[in-house]
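Data first, discussion second: the structure below is written as structure tokens.
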């Protein structure tokens, strides 16, 4: 019985993760807070690009690929300062 009790939560988490990934590939999302760079309208299940954040996200991804040796926290701090300095 104890083995089954440990297995079920893992199985449920796996199914939820799989469905969230499928939904993301379809352009939707499962709810909750929108990822930085995206925004949502109340009641809608589709994310839209947040134009004010798009430049910062593109810059961050470019820097992350170019400066792979730099800590991600440093790059995120840069992104934050870039977006909030306007």
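The values are calculated or read from the model by the stated rules, or taken from the named source; none is laboratory data. Here the structure is a predicted model, which is why all the values come from computation and not from measurement. In this analysis, Cβ positions are derived from the backbone assuming ideal geometry, glycine residues included, and neighbour counts consider all displayed protein chains.
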Any chance residue 18 is exposed (fewer than 13 other Cβ atoms within 10 Å of the Cβ) and modelled with pLDDT under 80: no
Tally of residues being surrounded by fewer than 11 Cβ atoms within 10 Å (Cβ to Cβ) and within 15 Å of the chain's Cα centre (by Cα) across the range 27-48: 4
Candidate set from the range 52-83 (those that are within 21 Å of residue 40 (Cα to Cα) and surrounded by fewer than 15 Cβ atoms within 10 Å (Cβ to Cβ)); member that is modelled with the lowest pLDDT: 80
